[in-house]
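Q: Handing you this structure, nothing more for now.
What follows draws every value from the coordinates through simple rules; no lab data is involved. Please read these numbers as outputs of a predicted model, since none were measured by experiment. Backbone-built Cβ (ideal geometry, glycine too); neighbour counts: all protein chains shown.
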Amino acid sequence: MHPNSTAVARTTIRVAAGARPFLLAAPSKPTTPKVARDFVRAVLRGTRLAPLLDSAVLLTSEAVTSSHLRTPRSAEILLRLLTARHGLRISVHDEAPVRLPAPATWPSAPAAGEQQAEYGLLLTSQLADDWGTTPYAGVPRSTSLWFELHLGR
């Protein structure tokens, strides 16, 4: 939850609620985080969700960079962007069979060597209205990181 907001019952972002899905699949290369940032900018710019653009681009960059750093170049990174009237949900999945820590178990101080990825999770936990990880039905034990940003915070 955003640090300056109070707990409020929010509508979950769902396709049935009039959401529009956008999908980007890219190889795990050093340029992929920029491609993902540009993709999110292109989708959100000029829409009613434009106020969420900076946070969405930053969190997307962190998630895709983390995926790139822990996957081989032969891997593919999948970014799903779901827009709705009241906000958006972005999920990032890669082919690495490694589980990300769940929000409830996220440590207060990252251990040495894990700092790069976990600083991205710290940013996500501070800026996103909601976030988490979900099992992905692909590579065994693989996980997707997702976050939501809502208008009117």
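Q: Name the residues whose placed amide hydrogens come within less than 5 Å of the amide hydrogen of Ser144, ignoring near sequence neighbours (fewer than 5 apart) on the same chain.
A: Thr134, Tyr136
Q: Here's another thing I want to ask about it. Ranking Ser61, Ser67, Ser74 by Cβ neighbours within 10 Å, fewest first, what do you get?
A: Values: Ser61 17, Ser67 29, Ser74 8.
Least crowded to most crowded, the residues run Ser74, Ser61, Ser67.
Q: Can you compute the modelled spin-label distance between Thr134 and Arg48, with each label point 7 Å from Cα toward Cβ, in nm?
A: 2.4 nm
Q: Considering amide H positions built from the backbone, and no H for Pro or chain starts, which residues 5 or more places from Ala75, or on another chain, come under 5 Å of its amide H?
A: Residues meeting the criterion, in which the H sits 1.01 Å from N, are Ser28.
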